[in-house]
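The structure appears below as structure tokens.
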């Protein structure tokens, strides 16, 4: 039981189910959480209650089983997505992430607006643009014999693509990443507040400019879009843009980092994919399962029992894709990466809130692997490097030093 568990518990929370949640917290660790932390959590109860919740803001229930997580994702009667992220509430603003924090029936209308941005046809049309950005990133370090993959590729290639789609200046990359870090890997609540205010102030300025000078980008699209026969409100427009900003600057980079760390540590998998690049799309699906990195939240709004525990209105639940996608009851040998497993995973969530940007993310991950493996010789982790992971709602490698022979 956590030391913090001496706090007064709600009457429906069994004291024996109170324990810390090691995937969250404002800290970095030097061991691989997928080899240590996650297997240890799976040795415990199917569901537990932690008072050390999301950024320390509130207690929450943690469900580690794939089936329970799927159930909660799909249950919009007993759970709300509203305010699952702390950004607007902490800054006393009234917008929600659109469509991530939208509940039915409004969610369907919001989703209708966003879906056209990520259709397979539109993503196919971006193929050459995305590939050119990836090639340019690889070209800058391929002859050096080493790189920090996170800084020079994972935080370069997908984010440049995102900035182009948003119509935001690529020159602002370092500033945007600094803001993003305050939102997703903060050192304090004050950093979340500061980052949220900086991003919303910037987005309001860009929105005002796009209203005067529309261009072919996602922000102008949101301004012109209609929901239920009306334009988006000012709050909806900020929520739409903020949602794209948060999703576009972090999650693909994080996934990419874990995938290439795996290849660097498993040269046999590198060789297999080099021999047959047609295996890359299926391999990406297994890597997405094995290295899922995102935890989101829901709030209970009606009493319900799940996983043998009673949930009451106001309870927060954590939907941890790192835990769900390594559930040993669903995935045989969950901690072994099998490139041909072709799993049905929840890396992009599921149900009505399945990640709308998943088609773009998949395309970027596939292209990055194709370009890296076609240009670089076999790469490995730089000798004596200490790899660290920033824990929290997105578990992210802080750096990934790779070396290869030139």
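Quick one: which residue in 51, 114 is more than 18 Å from residue 22 (Cα to Cα) and modelled with pLDDT under 95?
Details: 51 fails: more than 18 Å from residue 22 (Cα to Cα).
None of the others qualify; the one that does is 114.
Just checking, which of 97, 163, 173, 126 is surrounded by 13 or more Cβ atoms within 10 Å (Cβ to Cβ) and closer than 22 Å to residue 234 by Cβ?
On inspection, the qualifying residue turns out to be 97.
Look at the stretch 237-257 and say how many of its residues are crowded, with 23+ Cβ neighbours inside 10 Å and more than 16 Å from the chain's Cα centre (by Cα).
4
Hey, among the residues in the stretch 373-389 that are farther than 21 Å from residue 268 by Cβ and in contact with a strand residue (DSSP E or B) (Cβ under 6 Å, 6 or more places away or on another chain), which one's surrounded by the fewest Cβ atoms within 10 Å (Cβ to Cβ)?
Initial filter on the stretch 373-389 (farther than 21 Å from residue 268 by Cβ): 384, 386, 388-389.
Those still in the list that are in contact with a strand residue (DSSP E or B) (Cβ under 6 Å, 6 or more places away or on another chain) too: 388-389.
Details: 388: 15, 389: 22.
Looking at residues that are farther than 21 Å from residue 268 by Cβ and in contact with a strand residue (DSSP E or B) (Cβ under 6 Å, 6 or more places away or on another chain), I get 388.
Is there a residue in the stretch 121-129 that is touching a residue at least 60 places away in the same chain (Cβ under 8 Å) and more than 21 Å from the chain's Cα centre (by Cα)?
Residues of the stretch 121-129 that are touching a residue at least 60 places away in the same chain (Cβ under 8 Å), as a first pass: 123, 126-127.
Subset that is more than 21 Å from the chain's Cα centre (by Cα): 126-127.
Yes, because at least one residue in the stretch 121-129 is touching a residue at least 60 places away in the same chain (Cβ under 8 Å) and more than 21 Å from the chain's Cα centre (by Cα).
Inspect the stretch 112-131 for any residue being part of a helix (DSSP H, G or I) and touching a strand residue (DSSP E or B) at 6+ places or on another chain (Cβ under 9 Å) and give the result as yes or no.
Keep residues of the stretch 112-131 that are part of a helix (DSSP H, G or I), which gives 112-118, 120-125, 127-131.
So of that shortlist, the ones also touching a strand residue (DSSP E or B) at 6+ places or on another chain (Cβ under 9 Å) come out as 112-113.
Among the residues of the stretch 112-131, at least one is part of a helix (DSSP H, G or I) and touching a strand residue (DSSP E or B) at 6+ places or on another chain (Cβ under 9 Å), which makes the answer yes.
Could you look through the stretch 198-215, keep only residues that are more than 26 Å from the chain's Cα centre (by Cα) and touching a residue at least 12 places away in the same chain (Cβ under 8 Å), and pick out the one that is surrounded by the fewest Cβ atoms within 10 Å (Cβ to Cβ)?
For the stretch 198-215, the residue satisfying everything is 215.
Of all residues in the stretch 10-30, which are surrounded by fewer than 18 Cβ atoms within 10 Å (Cβ to Cβ), in contact (Cβ under 8 Å) with a residue 40 or more places away in the chain and either touching a helix residue (DSSP H, G or I) at 6+ places or on another chain (Cβ under 9 Å) or part of a helix (DSSP H, G or I) (or both)?
Passing the criteria: 22, 25, 26, 29.
Is the stretch 329-341 home to any residue that is in contact with a strand residue (DSSP E or B) (Cβ under 8 Å, 6 or more places away or on another chain), surrounded by fewer than 19 Cβ atoms within 10 Å (Cβ to Cβ) and farther than 18 Å from residue 255 by Cβ? Walk me through how you get there before you give the answer.
Of all residues in the stretch 329-341, those in contact with a strand residue (DSSP E or B) (Cβ under 8 Å, 6 or more places away or on another chain) come to none.
No, the conditions are met nowhere in the stretch 329-341.
The values are calculated or read from the model by the stated rules, or taken from the named source; none is laboratory data. This is a predicted model, so every value here is computed, not measured. Positions of Cβ are generated from backbone atoms using ideal geometry, with glycine treated the same way; all protein chains shown enter the neighbour counts.
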